[in-house]
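Q: Attaching a single structure in structure tokens format; questions to follow.
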Amino acid sequence: MLFPFLSISQKNSKWAKFTVFEDKIICDDSPWILVFEDNFDGDRLDINNWEPYIGVPRDPNYKYQKTWHKSENAIVEEGILKLVAKQEQMDSMPVIWWWTPTILYDDFEYTSGEIWSKSVFTNGKLEARIKIPKGWGFCPALWMYGEKKISEHGKNRNNEIDVFEFSNEKRRSDLAKIHRMSVHYNGLSRSTGYRGDDFSADFHTFTMIWDENKIEFYVDGILKRTDYKYKKGWKNIDCQLYAGKNYKENKVFTTDPMNIVLNIAVLSGKRAPDHTTPFPSVMEVDYVRYFQREKQIEFERKIKQSVHSQLQTYPKSTLQDIYKNFFQDRFGPEHAIIDTASAKLYLENELASFETSNNVEIEFLGINHNYVRINLITIKQGKIPQEKLLSAFHNSAKKVNQNDVKAWQSEWEKIVNIIERMILNIPDFEKDKIEIENLLKQGKYAVRHSTVFHETYKPHYRTVDKNIYEQELKPFL
């Protein structure tokens, strides 16, 4: 619903080929947990949940709509949210577009209501019970939208799922009957629709399930559309990817956090209202709910716990240092040891010269704790024999699987989305986020600690497999 009727048609390059290096379960059938709900039981819009849009959203040339949006057009009464489209004159209204600080003034013939959730959401289930208006020139919509900065030069990646749009049709008898659904991602889109009954005659329950492996659209519990993220040939993949197999990934599949949006657009130009259009007209919303999978909520809890723990121990950590914590949990030592003698010499030289302000002997990494950082101070203090640590490090490096960087890239996207929503004010966050994303696009994953981390904490450690640590090193501590 970024712009009504706007569908970017790119028939080619909507699927990307890739190879899987390890088996991966991509479905999640754990129970749904309610994380957001508004039943509109009060006498006004809950501003803790929603932000009314004021002014002119999108469309600076009024190609699709020319409407002034007012908070007064979002009314709550008798347990129903009412977004009202009115024919009323609004003259000399200040219009500000994102690319210029200049204020323009324009006249408007129509007003309407649009609200955005204050919370952003990742994968989950959106459900809303809604009755739409009917009239030439209206485009009521329920959608989700979010952007992610992917360039230091200001380029953003758009994410959008239109749960429903109803708009003008060639045959006026089809008004409020053609239910359109679409998915947009990074400039690409897919849109479909079907003819149903008159949706303005009564309330209907619209449900959209946005899982990691597919997006599903339901009306009154009946499945209307499914978008799969992965295919093998022409076969849709529902639950598992197998190592060594080639697949295709849907490039029109949202991945980034999004807000929930409800609105009525009043169209412009040839699509504008005419003498048959009823004013005022209302989109009525009984409730809006958002659910997330139990496993997803637990994953998010563990990520937050790990990040808070790192920042508590190392307050000057940057995103680069937090990233290092997570990728070492997945990959362990950053490279295989080919020359054992050189590794031994490097360790001896490091032990002879290093200073550290870090007295944490053992650190379990990430959320799975697959690997452990062993502080070299344990050798200095005579707790762990040098040859034992070197042997454990060498054996850990032999276990590293560095192939499936693509799977790690997908996992890191989920992790950084969670960190972003924590609002931690980490220095150089956007810069580091883009640099890490570009590194992963190149098929690489390893980074050094940030300069400030090195200067502050002087880290000296070796990364060891958890099981090897338990068997070979823990007895010395």
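Q: For q = 0.09, 0.13, 0.15, 0.16 Å⁻¹, what log10 I(q)/I(0) does the range 15-292 give under the Debye formula with an equal point scatterer on each alpha carbon and no solvent?
A: -0.46, -0.94, -1.20, -1.33
Q: Also: Of the GluC sites (Glu not before Pro) in the range 106-173, which ones lie in a loop per DSSP and count no more than 12 other C-beta atoms within 10 Å? Before the final figure, lay out the partial values.
A: Working: sites: Glu109, Glu114, Glu127, Glu147, Glu152, Glu160, Glu165, Glu169; in loops: Glu152, Glu169.
Loop-located and lightly packed - Glu152.
Q: Now a separate question. Taking the Cα atoms of the range 173-259 alone, what are Rg (to one decimal) and Dmax (as a whole number) in Å?
A: 15.5, 53
Q: Testing the spin-label approximation: label points 7 Å from Cα along Cα→Cβ at Lys383 and Ser342. State their distance in nm.
A: That separation, rounded to one decimal, is 3.1 nm.
Q: May I pose another question? If you line up the long axis of helix 319-331 against the longest principal axis of the chain, both from Cα atoms, how many degrees apart are they, to the nearest 10?
A: The angle comes out near 70 degrees.
Q: Moving on. Can you compute the charge dipole magnitude of the range 314-476 about its Cα centre, using +1 on each Lys and Arg Cβ and -1 on each Asp and Glu Cβ, nothing else charged? Give it in debye, rounded to the nearest 20. Intermediate values should be presented prior to the final figure.
A: Values: 22 positive and 23 negative charges, 46 e Å.
That gives the range 314-476 a dipole magnitude of about 220 debye.
Q: OK, next. So if each residue of separation counts as 0.36 nm, and I subtract the Cα-Cα distance between Lys458 and Thr19, what length gain in nm does that give? Provide the component values of the computation, followed by the final result.
A: On the way: separation 439, 0.36 × 439 = 158.04 nm, distance 3.90 nm.
Full extension from Lys458 to Thr19 adds 154.1 nm.
Q: How large is the direction-averaged shadow of the alpha-carbon convex hull of the chain, in nm²? Before the final figure, lay out the partial values.
A: Working: hull surface 104.6 nm².
Taking a quarter of the hull surface, the average projection is 26.2 nm².
Q: Now a separate question. Just checking the chain: which Cys have no other cysteine's beta-carbon under 4.7 Å?
A: Cys with no partner Cβ under 4.7 Å: Cys139.
Q: To continue, here is another question. For the pair Arg171/Asn349, report the inter-label distance in nm, with labels modelled 7 Å from Cα in the Cβ direction.
A: Result for the modelled spin labels: 8.1 nm.
Q: Starting from 0.36 nm per residue, how many nanometres of slack lie between Asn467 and Tyr242 once their C-alpha separation is accounted for? Intermediate results must be reported in sequence, preceding the final value.
A: On the way: separation 225, 0.36 × 225 = 81.00 nm, distance 2.58 nm.
Separation in residues times 0.36 nm, less the Cα-Cα distance, equals 78.4 nm.
Q: Assuming 0.36 nm per residue, please report the length gained on full extension of the stretch Glu430 to Ser309 beyond their Cα-Cα distance.
A: Numbers: separation 121, 0.36 × 121 = 43.56 nm, distance 2.13 nm.
This chain segment gains 41.4 nm when fully extended.
Q: Per-residue ellipticity at 222 nm for the chain, helices alone: DSSP H runs ≥ 4 residues times -39500 (n - 2.57), over residue total, nearest 500 deg cm²/dmol?
A: On the way: 8 runs with 101 residues, N = 477.
Result for the chain: -6500 deg cm²/dmol, rounded to the nearest 500.
Q: Quick check: the angle from helix 340-353's long axis to the longest principal axis of the chain, C-alpha only, nearest 10 degrees?
A: Around 90 degrees separate the two axes.
Q: Something else about it: Would you please give the FRET efficiency between Glu147 and Thr356, computed as 1/(1 + (r/R0)^6) with r the Cβ-Cβ distance and R0 = 35 Å, to the nearest 0.05?
A: Efficiency computed from Cβ-Cβ geometry: 0.25.
Q: Using the alpha-carbon atoms, what tilt in degrees (0 to 90, nearest 10) does helix 405-421 show relative to the longest principal axis of the chain?
A: It works out to around 70 degrees.
Q: Please compute the net charge surrounding Leu34, taking Lys and Arg as +1 and Asp and Glu as -1 over other residues with Cβ under 14 Å from its Cβ. Walk me through the numbers before you get to the answer.
A: Numbers: positive: Lys125, Arg289, Arg293; negative: Glu37, Asp38, Glu127, Glu294.
Computed value for this residue: -1.
Q: Further, regarding this structure: Quick one: compute the contact order of the chain, relative version, from alpha carbon pairs under 8 angstrom and 6+ residues apart, as a percent.
A: Working: 991 pairs, mean separation 90.8, N = 477.
Over the chain, the number comes to 19 percent.
Q: Could you pull out every one of the lysines with an alpha carbon less than 30 Å from that of Lys380, ignoring same-chain neighbours closer than 8 positions?
A: Within reach: Lys316, Lys324, Lys344, Lys388, Lys398, Lys399, Lys458, Lys466, Lys474.
Here, each number is a calculation from the coordinates, and none is a lab measurement. Only a predicted model underlies this, so the values are computations on that prediction, with no experimental measurement involved. Here the Cβ is made from the backbone with ideal geometry for all residues, glycine too, and neighbour counts use every protein chain on show.
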